[in-house]
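Worksheet for the structure shown next.
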Amino acid sequence: MFIYRWFKKHVEVLWCKVLVWGDSNSGAREIQFNKYFIVLVLFVAACGHKELPALEQVDLAIWKEDKFACSGKRASMVDAMNSQADKLLALSQQEIVELLGKPDANELYKRNQKFFYYFLQPSKSCSDTVTTEPKKLVIRFNAMGLAKEIAVE
């Protein structure tokens with residue numbers, strides 16, 4: 001919000017002044033406008049990208065391939081995922097999907113909370129399911145879309 005207000009206050013005013021006073025000495029104003037614009041773009045670009053965390057002992061390619069944990073490959077990663085759950089906190093929904101793949105199930109809850117479920121044991125949708133209540137990684141997102149709670153149930 002701060003960046004938007006600063007942009008609106010400074011850059012748009014400068015651009016309007018360049019357009020209104022265009023003829024005399026307009027080159028200097030355009031240069032000044034361009035300088036502010038470049039600084040703004042660099043600032044937004046520097047703050048915009050966040051590095052995704054590295055999850056040790058979790059092969060994310062295998063994790064993403066094992067949908068609904070039907071092949072049982074996620075089961076070997078349960079302890080590693082449980083010990084590193086704090087690395088997933090405060091990530092956005094998009095970042096979680098980028099890191100872990102599309103969730104096996106999701107749920108929209110009251111007050112715009114959302115839950116992502118990643119099965120750790122074969123789920124009911126697998127053909128040879130033995131477990132009635134399979135273990136799953138549950139990620140709860142708050143109304144802002146940030147991971148608020150991580151649990152293995």
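Nothing in this text is a laboratory measurement; each read-out follows from the coordinates by a stated rule. For clarity, every value in this text was computed on a predicted model and none was experimentally measured. Note that each Cβ is placed from the backbone with ideal geometry, even for glycine, and that neighbours are counted across all protein chains shown.
Considering only the range 78-105, how many residues are in a helix (DSSP H, G or I) and of a type outside the set (Ser, Thr, Tyr)?
First, pick out the residues of the range 78-105 that are in a helix (DSSP H, G or I): 78-83, 85-88, 93-100.
Narrowing further to those that are of a type outside the set (Ser, Thr, Tyr): 78-82, 85-88, 93-100.
Number satisfying all stated conditions: 17.
Take the residues of the range 106-125 that are part of a loop (DSSP other than H, G, I, E, B) and touching a helix residue (DSSP H, G or I) at 6+ places or on another chain (Cβ under 7 Å): which is surrounded by the fewest Cβ atoms within 10 Å (Cβ to Cβ)? It would help to see each step written out before you state the result.
Here is the first cut: in the range 106-125, the residues part of a loop (DSSP other than H, G, I, E, B) are 109, 113, 120-125.
Narrowing further to those that are touching a helix residue (DSSP H, G or I) at 6+ places or on another chain (Cβ under 7 Å): 120-123, 125.
On the way: Leu120: 23, Gln121: 19, Pro122: 21, Ser123: 21, Ser125: 13.
Within the range 106-125, the match that is surrounded by the fewest Cβ atoms within 10 Å (Cβ to Cβ) is Ser125.
For Met144, indicate whether it is within 22 Å of Glu51 (Cβ to Cβ) and outside any loop (DSSP other than H, G, I, E, B).
Details: within 22 Å of Glu51 (Cβ to Cβ): yes; outside any loop (DSSP other than H, G, I, E, B): no.
No, not satisfied.
If you scan the range 96-105, which residues turn out to be buried (at least 18 other Cβ atoms within 10 Å of the Cβ) and either over 15 Å from Glu65 (Cβ atoms) or in contact (Cβ under 8 Å) with a residue 60 or more places away in the chain (or both)? Break it down stepwise before answering.
Initial filter on the range 96-105 (buried (at least 18 other Cβ atoms within 10 Å of the Cβ)): 96, 99-100, 103-104.
Scanning the range 96-105 gives a single hit, Ile96.
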